[in-house]
Amino acid sequence: MQATGSNPETIRFEQSREGDRPVWRSIKRGLLNRCPACGEGRLFGRFLKSVEACSSCGEHLDRHAADDFPPYIVVTIMGHVVLAGFMMTEMILPLSNWGHLAIWVPITILGSLALMQPVKGGVIGLQWALRMHGFGDHEDKPEDVLPETDRPA
């Protein structure tokens, strides 16, 4: 990195911009299904399949390892929404079990499908901001390798 001026504030500003990956901005961009790096390119080519690289900035986006984390988040959100809705409905208007099934099963399915892609985008944005799973300049290595012991098990 080259400094353009002798002012120390300018040098610090350039250094912070070079390695800057704000977490909340990256998550927000992911939630909006946009590239976490530039906010312009699309994050998904298909419903849950991320694009190989951003069409605007060229950032490789296929390195993520979101795995099962987005469904866990969706289940947690939908569980709270559906349970709260069920309880409020039961207090105001007592329905039969079939009535509740007719209301809450479709809401659960449609809500889960609607949340899955934005939540996965947010997880990808989080991983990009924290330089996890290939988004950094280093190879992923396990940090919690246990030392070998000589004690019998």
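Scanning the range 23-47 for residues being part of a loop (DSSP other than H, G, I, E, B) and either surrounded by 14 or more Cβ atoms within 10 Å (Cβ to Cβ) or under 12 Å from the mean Cα position of the chain (by Cα) (or both) gives a total of 9. For the range 94-102, the criterion of being in contact (Cβ under 8 Å) with a residue 12 or more places away in the chain and out of contact with any Lys or Arg (no Cβ under 7 Å at 6 or more places or on another chain) is met by at least one residue.
Only one residue in 110, 126 is modelled with pLDDT of 95 or more, out of contact with any Pro (no Cβ under 7 Å at 6 or more places or on another chain) and part of a helix (DSSP H, G or I). Which one?
On the way: 126 fails: modelled with pLDDT of 95 or more.
Result of the check over 110, 126: 110.
In the range 62-80, the residue that is surrounded by the fewest Cβ atoms within 10 Å (Cβ to Cβ) out of those that are modelled with pLDDT under 85 and closer than 16 Å to residue 129 by Cβ is 65.
Go through the range 81-107 residue by residue and tally those that are in a helix (DSSP H, G or I) and surrounded by 11 or more Cβ atoms within 10 Å (Cβ to Cβ). Explain how you work it out, then say what you get.
To start, the set of residues in the range 81-107 that are in a helix (DSSP H, G or I) comprises 81-92, 97-107.
If we keep only those that are surrounded by 11 or more Cβ atoms within 10 Å (Cβ to Cβ) too, we end up with 81-83, 85-86, 89-90, 99-105, 107.
Adding up the residues that qualify gives 15.
The values are calculated or read from the model by the stated rules, or taken from the named source; none is laboratory data. For clarity, every value in this text was computed on a predicted model and none was experimentally measured. So basically every Cβ, Gly included, is an ideal-geometry build from the backbone, and we count neighbours across all protein chains shown.
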